[in-house]
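The values are calculated or read from the model by the stated rules, or taken from the named source; none is laboratory data. These numbers were taken from a predicted model, which means no experiment stands behind them. Here the Cβ positions follow ideal geometry from the backbone for every residue, glycine too, while neighbour counts run over all protein chains shown. Protein only, heavy atoms only, side chains kept; ligands, DNA and RNA dropped before computing areas. Shrake-Rupley method; radii C 1.70, N 1.55, O 1.52, S 1.80 Å.
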Amino acid sequence: MSSQDRPVSSFKDKIRSSWPYTLAVAIIVFMSLWIRVLPSDNVLLPGGIVKFTTNDAWYHMRTLKVLLENYPHRMFFNPMTNYPNGSYIHFGPLFDQMMAITSLILGLGHPSSHLVDTIGAYFPAILGALTVVPVYYIGKYLGGHKTGILAAILIAFAPGEFLSRSMIGFTDHHVAESLFSTLFMMFFMLALISAKERKLRFEDVFNKKFSVLKGPFIYSVLAGAMYSAYQLCWPGGSLFLFIVLVYAIFQYILDNFRNESSDYLGFTGVVTCLASTILILPFVHPDMGFSLYYYSWFHVVTALGAMAGFAALSLIEREFKRKKLRAYYYPLLIFGAGILGLIIINIASPSLYSLIIHAPSTVFEIQKGGPSTIEEASSMFYRGGVFTLSKAFSNFTTMGFLASLLGMLVLAANVFRRPKPQEVLLLIWSLLILLAIYGQVRFAYYYSINVSVLSAYLGGLLLEIVKWSELDQKFKSSVKSPADIPKALKLAKIEQVSAVLLIVVFLIYPVYGSAIPDTKLVYGQPIPPWKEACTWLSSNTPDPGMNYNAVYEAPKNGEMFQYPDTAYGVMSWWDYGHYIETIGHRMPNANPFQAGIGGRSASINETNRPGATTFLTAPSEEEASAVLEAIDPRPEKAGARYIMSDARMATDIFISIATWTFDTDGYYQAYWTGKEYRSLPTTRYFNSMEAKLHTFDGNGLKQYRMIHETEAYQTNELLYKQVYNYFYGGKLSEVDTGYVKIFEYVKGANITGTASPKETVKINTTILTNQGRTFEYSQSITADSQGRYEFTVPYSTEGPIEGQTQFDTAPSGPYVLSYGDTTKEVKVSEEAVLKGEEIKV
């Protein structure tokens, strides 16, 4: 009898009989942690500075510090982002709570900010290393200790998304998702094995056979607890309940065809779902109704529905056997029962029905429109609309990915024999996660678990061929202490050594060889210009009147949050929203939750909603300003006071910005450069608000002024200017300018006067930036039939005033007004610019 066929023994017995494996797993966990903290010098900087590696990491640290400031109350609604609506926080509470409790313990109730930052930086690395443990046990109960150890090694060094999201400084909940979802599958698997080995029947419950029920019950409760923990890290955790349900349907059908009882499966499923329902219930927000993205009744109803499903499938199976019906009717009845259930749900709650029907598409389908531009939401198997395996090979290694596919083929072939429940579970789990990475590459941090287990499963089969179990028994009998290990190794035969070498060369080495370089690709974010710009913003703009560390109540009944009159928004692309909030302590209009983007969701016939994409792609200043005014429906309140732009927005990702409007034609045109075709910007691009602001420095705009810029970086800004000058007769200075530029939206001072009728009137001044760079600001209009003219200008020539923007980019002298032979100097006060006052010349 192989090790995986033995009855599940007590924890103490396992430790006593398996201490070499326990030691091996501990060493693997340590090594896994070691590679995850290798780049600590890039994250933990001198002076107690911690440089987190993603914008979501910055946001998690914000929610963590608000939690510690108001413990145990956490922030569920955040008015400091997605201005003027605020955002409900869909991040689960568990990840932050674990870091908070650790901080409170190590900080003796009063952790310092540096201690909290350090714990936050190390936390993902620790969770990533701990994932080795459940992967080991899953491998062990599939193919014995040898498979478990191999699976543990492979996940410890697994490259790609799993490694990157569990590196030091990547303080995001994704690694917690991987850990708790794997623990859920481990305990669910152990519950199935335990219940089946004990030949559990529902009669055992009524007859109170606790000796039979104890093990399966404990494992099932732990599975429910881990599923709840997984959900409390990510509200979309219903994905794994879906996986278990799909598995259950196949397992019931297989058991029915083999005339075997599925009571073990029904008991495990009912107890697991009941435990999960009880644990998730306190975290439900009733006012959310049925929502997949926030903790709502959806999470309770799906668990209860799954529990009812397990009970119904078991009851139907019993009736089939009692009436001796033909087995092939069973799947037809399940299909019919499922259709009937959906019809009942549609009648009872159309919103819940719609959510259930459309939820799978959010995971398994390739994204379209704006969401398709999000890197982590793109398909693992398509790049630029072309099928490719390159991303899969780089994430899992070529041999690892191919081994996972081969492993699934072997498991599928076993279905026609007598597969164990854990093998069917692994097959369905792996197939559905493979489908998930077809939809979104982000789920690669789940599939790394499957790749490790499936590869180890194949490796275990190879070792079985060379009779590794015999060597295992000899090893156990020979080794009484660590000193006996070298002598015991000599017991191995040549074919066993060859099998190990094959596994090392084709499975372990490629993984390790890919992981080590990946650890060097950890960069702190944001890059220095954004950090400098946001820091400047926090110190040189008016206080918006919000308590940054407060826990705010969400508005009731769909009402808008009541902001103070001093509040304002900061417009930028959603990528940078968390930086604006967490470093700048200001309120972005759009954020990485994809809130405040605006545009269209699907159809070109749909009206563009006001937001970041519609503002940045607006073809005129007037239309851009109309977007800002439409964002905030309150009278006399614009949706944003400041606009932040960087060189990427103006060049590399501009087409991604435009994609959210479902209207990307005409921004770029292909030109033959002598060697290849290159996509170069066109007139439509240069007329966009983003180009007007960043590429042209806001020259000629009436209500937008640059107030600060960071140092220049080498970017494609230079190329875009060269294109403009060459193809469109421009006279732009062909140099890179500030990487991040901050503009202010103002009413503008109105300069009025008279000249000769229909005469051309010009106004200009030289702007001196804080970087010592100068550029010309100018406007030109034609006087009306009575000679009247009016300019609206955004710059003050007299400097900032107390309580308002302390700009460090401004005119170096007065405006120069000219027409005919007349030249006049005009000074403009800051009050006139802010209040829209008239200045008569």
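Which residue pairs have Cβ atoms closer than 6 Å, lie 6 or more positions apart in sequence or on different chains, and pair a first residue in the stretch 687-704 that is in contact (Cβ under 8 Å) with a residue 12 or more places away in the chain with a second residue that is open to solvent by 30 Å² or more (accessible area, probe 1.4 Å) and part of a loop (DSSP other than H, G, I, E, B)? Cβ pairs passing all conditions: N687/P619.
Residues in the stretch 415-458 that are more than 33 Å from the chain's Cα centre (by Cα) and farther than 18 Å from F188 by Cβ: V415, F416, R417, R418. The residues of the stretch 123-135 that are over 14 Å from Q422 (Cβ atoms) and not small (G, A, S), listed by number, are F123, P124, I126, L127, L130, T131, V132, V133. Of all residue pairs spaced 6 or more apart or on separate chains, those with beta-carbon atoms under 6 Å, a first member in the stretch 160-179 that is under 15 Å from K391 (Cβ atoms) and a second member that is charged (D, E, K, R) and open to solvent by 10 Å² or more (accessible area, probe 1.4 Å) are L163/D518. Let me confirm something: among A229, A195, A225, which residue is closer than 19 Å to R318 by Cβ and in contact (Cβ under 8 Å) with a residue 24 or more places away in the chain? It is A195. Restricting I138, I153 to residues that are aliphatic (A, V, I, L, M) and open to solvent by 10 Å² or more (accessible area, probe 1.4 Å) narrows the list to I153.
Filtered by the rule that a residue be under 22 Å from E711 (Cβ atoms), open to solvent by 60 Å² or more (accessible area, probe 1.4 Å) and either among the acidic types (D, E) or in a loop (DSSP other than H, G, I, E, B) (or both), the stretch 639-684 gives a lone residue, D652.
Are there any pairs with C-beta distances below 6 angstrom linking a residue in the stretch 19-46 that is open to solvent by less than 30 Å² (accessible area, probe 1.4 Å) to a residue that is modelled with pLDDT under 90 and among the polar types (S, T, N, Q), with the two at least 6 apart or on different chains, and if so which? Short answer, once both residue conditions are applied: I35/T519; P39/T519.
Given the condition touching a residue at least 24 places away in the same chain (Cβ under 8 Å), surrounded by 20 or more Cβ atoms within 10 Å (Cβ to Cβ), over 30 Å from F506 (Cα atoms) and not small (G, A, S), answer yes or no: does some residue in the stretch 120-135 qualify? Scanning the stretch 120-135 turns up at least one residue that is touching a residue at least 24 places away in the same chain (Cβ under 8 Å), surrounded by 20 or more Cβ atoms within 10 Å (Cβ to Cβ), over 30 Å from F506 (Cα atoms) and not small (G, A, S).
When only residues in the stretch 251-295 that are part of a loop (DSSP other than H, G, I, E, B), among the hydroxyl-bearing types (S, T, Y) and out of contact with any Phe, Trp or Tyr (no Cβ under 8 Å at 6 or more places or on another chain) count, which is modelled with the lowest pLDDT? Once the filter is applied, the top-ranked residue is Y293. Condition check for S379 on (1) touching a Lys or Arg at 6+ places or on another chain (Cβ under 8 Å); (2) of a type outside the set (D, E); (3) modelled with pLDDT of 85 or more; (4) closer than 30 Å to G598 by Cβ: one failure, at (1). The number of residues in the stretch 136-170 that are in contact with a Ser or Thr (Cβ under 8 Å, 6 or more places away or on another chain) and of a type in the set (S, T, N, Q) comes to 1.
Residues of the stretch 174-214 that are among the aromatic types (F, W, Y) and within 25 Å of the chain's Cα centre (by Cα): F180, F184.
Can you pull out every residue in the stretch 301-319 that is open to solvent by 10 Å² or more (accessible area, probe 1.4 Å) and under 17 Å from I278 (Cβ atoms)? Selection gives V301, T302, L304, G305, M307, A308, A311.
Condition first: among the hydrophobic types (A, V, I, L, M, F, W, C) and at pLDDT 95 or above. Can you find one or more residues in the stretch 202-212 that meet it? Taking every residue of the stretch 202-212 in turn, none turns out to be among the hydrophobic types (A, V, I, L, M, F, W, C) and at pLDDT 95 or above. In the set (1) under 26 Å from R648 (Cβ atoms); (2) more than 40 Å from the chain's Cα centre (by Cα); (3) surrounded by fewer than 17 Cβ atoms within 10 Å (Cβ to Cβ), I767 fails one condition alone, (3).
Any residue at all in the stretch 708-715 that is farther than 18 Å from G738 by Cα and under 30 Å from the mean Cα position of the chain (by Cα)? Quick ask: steps written out before the conclusion?
The first filter runs over the stretch 708-715 and keeps only residues farther than 18 Å from G738 by Cα, leaving none.
Scanning the stretch 708-715 turns up no residue that is farther than 18 Å from G738 by Cα and under 30 Å from the mean Cα position of the chain (by Cα).
Scanning the stretch 221-236 for residues that are touching an Asp or Glu at 6+ places or on another chain (Cβ under 8 Å) and buried (at least 24 other Cβ atoms within 10 Å of the Cβ) turns up Y230, C233. Note on the stretch 371-398: residues that are touching a residue at least 60 places away in the same chain (Cβ under 8 Å) and either surrounded by 19 or more Cβ atoms within 10 Å (Cβ to Cβ) or under 14 Å from Q440 (Cα atoms) (or both) total 13.
Please find, within the stretch 782-821, the residue that is nearest to T535 (Cα to Cα) out of those that are outside any loop (DSSP other than H, G, I, E, B) and open to solvent by 50 Å² or more (accessible area, probe 1.4 Å).
Taking the candidates together, the pick is E790.
Might you let me know whether the stretch 332-344 holds any residue that is farther than 27 Å from G558 by Cα and either touching a residue at least 60 places away in the same chain (Cβ under 8 Å) or of a type in the set (S, T, Y) (or both)? Yes, the stretch 332-344 contains at least one residue that is farther than 27 Å from G558 by Cα and either touching a residue at least 60 places away in the same chain (Cβ under 8 Å) or of a type in the set (S, T, Y) (or both). Residues that are open to solvent by 10 Å² or more (accessible area, probe 1.4 Å), modelled with pLDDT of 95 or more and either small (G, A, S) or not in a helix (DSSP H, G or I) (or both) within the stretch 404-439 are absent altogether.
Looking across the stretch 705-730 at every residue that is part of a helix (DSSP H, G or I), free of Cβ contacts under 8 Å to residues at least 24 places away in the same chain and open to solvent by 60 Å² or more (accessible area, probe 1.4 Å), the one that is nearest to G772 (Cα to Cα) is identified as Q722.
One line per residue, one yes/no per condition, for (1) modelled with pLDDT under 95; (2) under 26 Å from F686 (Cβ atoms); (3) among the acidic types (D, E):
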site	(1), (2), (3)
S572	no, yes, no
M587	no, no, no
S601	yes, no, no
N605	yes, no, no
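Select, from G144, G109, the only residue that is touching a residue at least 40 places away in the same chain (Cβ under 8 Å) and either open to solvent by 10 Å² or more (accessible area, probe 1.4 Å) or assigned to a helix (DSSP H, G or I) (or both).
On the way: G109 fails: touching a residue at least 40 places away in the same chain (Cβ under 8 Å).
The unique qualifying residue is G144.
Would you check if A248 is at negative phi, touching a Cys at 6+ places or on another chain (Cβ under 6 Å) and either open to solvent by 10 Å² or more (accessible area, probe 1.4 Å) or in a helix (DSSP H, G or I) (or both)? Criteria not met by A248. Residues that are assigned to a strand (DSSP E or B), surrounded by 12 or more Cβ atoms within 10 Å (Cβ to Cβ) and touching a strand residue (DSSP E or B) at 6+ places or on another chain (Cβ under 7 Å) within the stretch 822-837 comprise K824, E825, V826, listed in sequence order.
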